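The structure appears right after this line, and notes come after that.
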Amino acid sequence: MGSGGRRGATGARALPLLLLLLPAPGGPAAPPLPDVDECALGLDDCHPDAICQNTPKLYKCMCKVGYTGEGKKCEDIDECDNDFNGGCVHECFNIPGNYRCTCYDGFMLAHDGHNCLGEECAHGQYTDECMFNNGGCQHVCVNTVGSYECRCKEGFFLSDNQHTCIHRSEEREEAAVEVSEGNTTAAADVDKRVKRRLLMETCAVNNGGCDRTCKDTSTGVHCSCPVGFTLQFDGKTCKDIDECQSNNGGCDHFCKNTVGSFDCSCRKGFKLLTDEKSCQDIDECSFERACDHTCINHAGSFQCACNRGYALYGFTRCGDINECSINNGGCQQLCVNTLGDYECLCHSNYKLHWNKKDCVDASAIKISVTFKLNEGKCSLKKTETFPEGLEQMIPDTCDVRCARKKTEKRFRKTIRTLRKTVSRDQFHVRLSGTDHEAARKALKPSEPQQSCGMGQLHPGSRCDRQCGGELGDYTGYIESPNYPGDYPANTECTWNINPPPKRRILIVVPEIFLPIEDECGDYLVMRKSSSSNSVTTYETCQTYERPIAFTSRSKKLWIQFKSNEGNSAKGFQVPYVTYDEDYQELIEDIVRDGRLYASENHQEILKDKKLIKALFDVLAHPQNYFKYTAQESREMFPRSFIRLLRSKVSRFLRPYK
C-alpha cells in the first residue's frame, strides 16, 4: 500500500475507471489583455514540469511543486533523500514530482500517508496472539502492534528460538567449563564471547532466520507474520491460516483458501456483494434482451415465457406457432396463419359462422332476427330458397320486373332508416329472443407485422437477432445465433468494428462454449481483415469458462464465427467498447495484470453484464462519470477490485498532477 505525500484523496472516492476523466478547465474567460498571452498561445519556453505565468510585458516560468530550478530547467526533488526519510515511518520511494510511503509486511499505511499500523488495527480486528497458549512463550508473552514478543523472568534470558528461556546460571556454567578446559581465557572474556555470539543473530543476516518480518530487539531478533499467517512454535516459520475452516470464512456459499487470505464465491445465478462475503440473486430479467417476450426471475435462475400464439425455443426465444399445420386449425374450409394467431376463411357463396370456424351457405337465412327501430319493429324470419325462382313468390298482377322494382324501393327505404337509426345510436338487435346492443365497428386493420428490435431480422414469422454486420462506433456486442440457446449447424457470421479516429477497441470474453469433439469445426476469430495473413487478435475453437479481457492489436476488427454440420453448443456473447487512444497504456496495464483474473470475485465482475456496461459506458463517454456517485461505485465493485484499478489509474495520472 502506498500514498503520495501531497496528493489529495479525491480519486480514492471515485469509481476506479472513472479516474480516466481528467477535470476540464472551467470558469469564465478572463477579460482580454492588451499584451500577447505567450502562455496561452504556447509561445513560451518553460520546462514541461514548470508553470507558465503571463505578465503584462512578457511571462515567467516557475517549477511545479516537487521540482527545483529556475523554470526553464526543472529537476525532480528527491524528498526521501534526507534525515527524515520523507517523513515516512518505514520506507520512502521517490517518484517524479512527489514521493510515497510504504510499509513492511504485516502493516498498513495510515490515513496520513506516513505512519504504519498493524493490519489488524487498520481493519478494526486487533488480534492478541498472547491469548492463545501464551503465544508459545515459556514465561511472559507481550502483545505488540501487528505481532507479539516473548520475554523472560528475572534471572533468565531468551533463547535463539525467541520463545524458551535459559537460566543465567547455565550460561555461567558454560563459561566456567570453557575456563577450566582452556585455562587461558578469563571468565570475563568468555562472557563477552557468549554475548557476542548471541548478538551475531541479527535481521541484517539472512533476515534473522525469519520467514517473513524480522525485528531486532534488545534480546535478539523477533519474527512476526502478516495477516493470514500464524507464527509457529519455532518462532521463525509462518504458516498459512485456513480461514475457511472456521464458519466457512463467513462466506454465504463457497470459501476457497488462498495463501495468506481466502476468497468467497457464489453459486451460478448469484453475485458476490461488495462485502466480498454475501451472495445476492442476479435478476437476469433486468438485463436487456433477456427474453423475447416475458421474463420470470427465480433464485439463481430465470425463465422465459411467450405470448399466446408463440412457442418457446432455445430457452429465451419465441417463435410463432403455425396453428394451421395442426388439424387445419379447426377450420372447416380455409386456414390462414398470422403472427401469434390464425384466421378461418370460407369459399365463395359461404359465410363464416359466428364460432369463427365453420362455414354456412350464404343463400339461406337460418336465424330469426328482429330489428327494433325506435318504437317500430320489422322482422326477418327464417326462409328457404326456391329453386323454381322468384316467379312463385309474386302475385299474377305484377310481373318479375315490377316485383324487383318494388323490392328495391322497399330496401332503399329500409337502408335509409337503418342509417339514421345507427347514427342516433338507436339501433337494437334481438337475436333468438335475446336483446343485443349494436355499436359502430371500425374497419379491421390488416394484421401488423411483428416489429423487430435493433440488430434483429424478420425471417418469416419470427424475429431473429442479426448474425453479423457493421457494429456501433462506441459500444456493442457480438453473439452467436440463438444465444444463450445452442447455435444452429452450418452457420457463418461476420462482423466489422470500425472505430472513429483516435479510438482503440477493448474486448471482454466472459465465457465461450464451443464443442471440442469437432476438431475445431466451430471457431471464432478476430483479426484486422478477412485475409488469413492479417494481424490476429483472438482465435479459439474451444470452451473457456474463465473470462479474459484484451485490446485489439489493430485499429479495426474483422470478426468471424463459423460452425460446421457437427455438434452445437451455447456459443458466446462478447461485449466491446472503443476508447480514447490516449488511455492505451493504462488499459493495457490493467488487462495484462494477472491479478485481474486470479480471484474468482474479479472473474465474476467480468461476467456481470451490468458492471461491464457501467465500465464500458464511462470508457466510451467519460462525461458519464458524473452519473455515478462515490457511494454507488463502492456498492458496485468489491474493495479488492477497486484497490487494483485505483493503483494503476493513480500511477497513470500522477505525471499530470
Given the criterion closer than 30 Å to GLY66 by Cβ and of a type in the set (Gly, Ala, Ser), identify the matching residue among SER640, SER599, SER650. SER650
Can you tell me how many residues within segment 63-82 are out of contact with any Gly (no Cβ under 9 Å at 6 or more places or on another chain), acidic (Asp, Glu) and over 16 Å from ARG100 (Cα atoms)? 1
Counted residues, segment 107-117 - those being assigned to a loop (DSSP other than H, G, I, E, B) and either among the β-branched types (Val, Ile, Thr) or surrounded by 22 or more Cβ atoms within 10 Å (Cβ to Cβ) (or both): 0
Could you tell me which residue of segment 456-480 is farthest from the chain's Cα centre (by Cα), considering only residues that are at pLDDT 50 or above and among the hydroxyl-bearing types (Ser, Thr, Tyr)? SER480
Within the group TYR483, TYR538, which residue is aromatic (Phe, Trp, Tyr), modelled with pLDDT under 90 and either out of contact with any helix residue (DSSP H, G or I) (no Cβ under 6 Å at 6 or more places or on another chain) or within 23 Å of ASP292 (Cβ to Cβ) (or both)? TYR483
Segment 86-103 - residue that is buried (at least 17 other Cβ atoms within 10 Å of the Cβ) and in contact with a helix residue (DSSP H, G or I) (Cβ under 8 Å, 6 or more places away or on another chain) and, of those, nearest to THR68 (Cα to Cα): GLY97
If you check ASN248 against the conditions, is it over 18 Å from LYS610 (Cβ atoms) and either among the small types (Gly, Ala, Ser) or not in a strand (DSSP E or B) (or both)? yes
Which numbered condition ILE166 fails, given (1) under 19 Å from PRO226 (Cα atoms); (2) outside any loop (DSSP other than H, G, I, E, B): (1)
Among the residues of segment 487-546, the number that are assigned to a loop (DSSP other than H, G, I, E, B), free of Cβ contacts under 8 Å to residues at least 40 places away in the same chain, surrounded by 17 or more Cβ atoms within 10 Å (Cβ to Cβ) and under 24 Å from the mean Cα position of the chain (by Cα) is 0
Would segment 564-577 turn up any residue that is of a type in the set (Asp, Glu) and under 26 Å from VAL525 (Cα atoms)? yes
Residue by residue through segment 600-629, note down the ones that are surrounded by 18 or more Cβ atoms within 10 Å (Cβ to Cβ), in contact (Cβ under 8 Å) with a residue 60 or more places away in the chain and among the polar types (S, T, N, Q). ASN601
Hey, could you check segment 260-270 for residues that are part of a loop (DSSP other than H, G, I, E, B) and under 27 Å from the mean Cα position of the chain (by Cα) and say which is farthest from ASP105 (Cα to Cα)? GLY269
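The values are calculated or read from the model by the stated rules, or taken from the named source; none is laboratory data. This structure is a prediction, so every number in the text was calculated from the model and none was measured. All Cβ positions, glycine included, derive from the backbone under ideal geometry; neighbour counts span all protein chains shown.
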